[in-house]
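Here is the structure we will look at, set down as structure tokens.
Derivation of every value follows stated rules applied to the coordinates shown; laboratory data play no part. Just so it is clear, the model here is predicted, and its values are computed rather than measured. Virtual Cβ from ideal backbone geometry, glycine too; neighbours counted across all protein chains shown.
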Amino acid sequence: ILNVEQSPQSLHVQEGDSTNFTCSFPSSNFYALHWYRWETAKSPEALFVMTLNGDEKKKGRISATLNTKEGYSYLYIKGSQPEDSATYLCAHTSGTYKYIFGTGTRLKVLA
Amino acid sequence: DGGITQSPKYLFRKEGQNVTLSCEQNLNHDAMYWYRQDPGQGLRLIYYSQIVNDFQKGDIAEGYSVSREKKESFPLTVTSAQKNPTAFYLCASSLSPGHLRSSYNSPLHFGNGTRLTVT
């Protein structure tokens with residue numbers, strides 16, 4: 001993988017459902033993987049910064065895991081709420097100022 | 001409150017005119033970035049600056065120019081040479097990653113963006 005890829009591109013879930021998205025990135029020369037939440041009409045907000053293989057981070061109902069050897073990270077949302085509706089971006093850096101972003105996963109939580 | 005301010009929120013220009021987008025931060029961050037977003041694409045890096053009076057081209061710098069005369073400010077000029085200037089522009093800042101692997105723990109802080117329309 002040469003670029004940062006996110007899947008799915010978009011999804012709709014019912015309130016209360018749990019969901020997860022994937023971010024794939026180049027596994028060579030890994031430095032950091034960032035997750036951001038971008039709500040409509042707001043600026044992207046950092047969720048997690050992950051640097052170590054096997055890292056697991058949690059913030060409320062949202063958690064993320066990191067596998068640097070195979071080049072992927074998962075973001076999980078437990079018990080989705082309408083306020084979780086946003087675009088979730090991941091960004092990878094291999095040790096430069098160039099954070100390469102994926103195209104994002106657009107989540108819509110239906111009440 | 002500390003943060004990043006981009007202005008204006010919406011900007012309209014005629015083709016052939018240069019236009020400057022403002023980005024100011026009061027977070028005392030060393031590094032600043034300009035990204036561009038187009039439909040269906042991820043954020044693409046235009047320019048970045050690690051310290052005052054220094055900046056580097058990103059992946060899509062052609063047709064753009066920047067300056068970094070003050071730590072707080074990183075204005076972006078979209079010149080008439082930019083073939084497809086209509087886009088959403090985001091400014092960001094971070095603590096300088098430096099040369100230590102551990103310093104990449106610093107997240108990016110973003111402004112609210114400027115939507116530029118050139119007709």
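Over chain B, all Cα pairs binned in 10 Å intervals from 0 give whole-percent P(r) values of 14, 48, 31, 7, 1, listed from short to long. If R0 is taken as 25 Å, the Cβ-Cβ distance between A:GLU39 and B:ASN26 corresponds to a FRET efficiency of 0.65.
Spacing of the modelled spin labels on B:ALA81 and B:THR117, each 7 Å from Cα toward Cβ, amounts to 2.8 nm. For chain A, the spherically averaged projection of the C-alpha convex hull amounts to 6.4 nm². Cβ crowding within 10 Å ranks B:PHE74, A:PHE30 as A:PHE30, B:PHE74, fewest other Cβ atoms first. Averaging Cα coordinates gives a centre for the stretch A:26-81 and one for the stretch B:42-93; these two points are 26 Å apart.
Over chain A, Cα pairs under 8 Å with separation of 6+ residues give a relative contact order of 37 percent.
Summarising the overall dimensions of the protein assembly as shown from its C-alpha atoms, the Rg and Dmax are 17.6, 51 angstrom. Considering only B:SER49, B:SER93, B:SER67, the Gaussian network model of chain B with Cα springs below 10 Å gives its largest mean-square fluctuation to B:SER67. Placing +1 on each Lys and Arg Cβ and -1 on each Asp and Glu Cβ, with no other charges, gives chain A a dipole about its Cα centre of roughly 140 debye. Basic side chains Lys and Arg get +1 at the Cβ, acidic Asp and Glu get -1 at the Cβ, and with that the dipole of the protein assembly as shown about its Cα centre reaches some 180 debye. Measuring between alpha carbons in the structure, the pairs from B:LYS14/B:LYS57; A:LYS59/B:LYS57; A:LYS98/B:LYS70; A:LYS69/B:LYS9; A:LYS57/A:LYS108; A:LYS59/B:LYS83 lying more than 31 angstrom apart are A:LYS59/B:LYS57; A:LYS69/B:LYS9; A:LYS59/B:LYS83.
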